[in-house]
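**Student:** Sharing a structure, written as structure tokens. Questions coming.
All of the numbers you see were taken from the coordinates with simple rules; none came from a lab. Computed from a predicted model, the values in this text were never measured in an experiment. With ideal geometry, Cβ positions are generated from the backbone for all residues, glycine too; neighbour counts draw on all protein chains shown.
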Amino acid sequence: MKAIIIDDEKKGRETLHSLIGSYCKGVEVLEMADNANTGYELIQKHSPDIVFLDIEMPNGNGFYLLEKFDEIKFQIIFTTAYEHYAIKAIKFHALDYLLKPIDIDELRIAVDNAKKNIQITPAKNRYSEFVTERKLLATGRIALPIKEGIVYLAISDIVRVESDGSYSTFYSMGDKKYVVSKNLGEYENLLPVSEFFRSHKSHLINIKKVKKFLKTDGNFVEMEDGSVVEISRRKKDNFFQLMNDLG
């Protein structure tokens, strides 16, 4: 299997190259790149089976590189030194990633997963939804797969999301609602943490759409659409902190 490493840190590239050579039999690193544009050229040149892709790089991050492709015909293993917002999107789509410093066992598992996915399904099917989601988030929208098709909803229009078992209901401005067959936890990981708050096990609210705080036999907020949502006791302090940060 042919591989390419794309990482702006020289030590990171060399360490990963060495680990692959020692512990990942059958994987050959053809070349390495220190930026997204050079990485794109190497992928076009070699048509690798696997790309080890750093997320944060100057002059275009890993997501920027992927958005340059009409079709992704290779397996991707993301690498990063920080478990931050980007990892939430990767987890949401069940893609493989490695935190630095790279653990040998995790590297082996990620490579084994890549090998299996090459045999089972075309690579482009694994990543097309992820790349589309990243492009939409960059424009402030989210794709909601509903029964009738896909709704491209502006994140700023979302008032709240309510859990119903393995389903989630999105309530947006204009008294519109959309039922999606994904659980609330997945959307909690996807939507911006600076704007969306898990107020209760069954509710995710857009704090920019909070109209007032109500304290009557419990803690509740009234949203701009008139709905009332509970704030669990253990989440109250976090809620006020977020509201203060919002300014």
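**Student:** Tally Lys and Arg at +1 and Asp and Glu at -1 over the other residues with C-beta under 15 Å from the C-beta of Arg233: what net charge comes out?
**Tutor:** +3
**Student:** Could you work out the helix-only [θ] at 222 nm for the chain, with each DSSP H run of four or more residues adding -39,500 (n - 2.57) and the total divided by the number of residues, to the nearest 500 deg cm²/dmol?
**Tutor:** After summing the helix terms and dividing by the residues of the chain, the value is -11000 deg cm²/dmol.
**Student:** Let me ask something else. Using the alpha-carbon atoms, what tilt in degrees (0 to 90, nearest 10) does helix 236-246 show relative to the longest principal axis of the chain?
**Tutor:** So the helix axis and the longest Cα principal axis differ by about 80 degrees.
**Student:** What does the net charge come to around Arg160 if you take all other residues with beta carbon closer than 15 Å to its beta carbon, with K and R at +1 and D and E at -1?
**Tutor:** In short, -1.
**Student:** What shape does the range 5-114 have by the C-alpha gyration tensor, where a ≥ b ≥ c are the square roots of the eigenvalues, rounded means a/c under 1.5, and otherwise prolate means a/b greater than b/c and oblate the rest?
**Tutor:** Numbers: a/c = 1.28, a/b = 1.09, b/c = 1.17.
It is rounded, given that a/c, with a ≥ b ≥ c, falls under 1.5.
**Student:** Order by neighbour count: Phe170, Phe240, fewest other Cβ atoms within 10 Å first, most last. List each step's numbers first, then the result.
**Tutor:** On the way: Phe170 22, Phe240 12.
Ordered by Cβ neighbours within 10 Å, fewest first: Phe240, Phe170.
**Student:** With charges set only on the Cβ (+1 for Lys and Arg, -1 for Asp and Glu), what does the dipole of the chain come to about its Cα centre, in debye to the nearest 20?
**Tutor:** Details: 35 positive and 37 negative charges, 113 e Å.
Here the chain has a charge dipole of around 540 debye.
**Student:** Also, quick follow-up: For Ser47, Ser163, Ser202, which order do you get if you count the other beta carbons within 10 Å of each Cβ and list the fewest first?
**Tutor:** Values: Ser47 10, Ser163 19, Ser202 16.
By the 10 Å Cβ count, ascending: Ser47, Ser202, Ser163.
**Student:** Fewest first, what order do Val179, Val111 take by the number of other Cβ atoms within 10 Å?
**Tutor:** Val179, Val111
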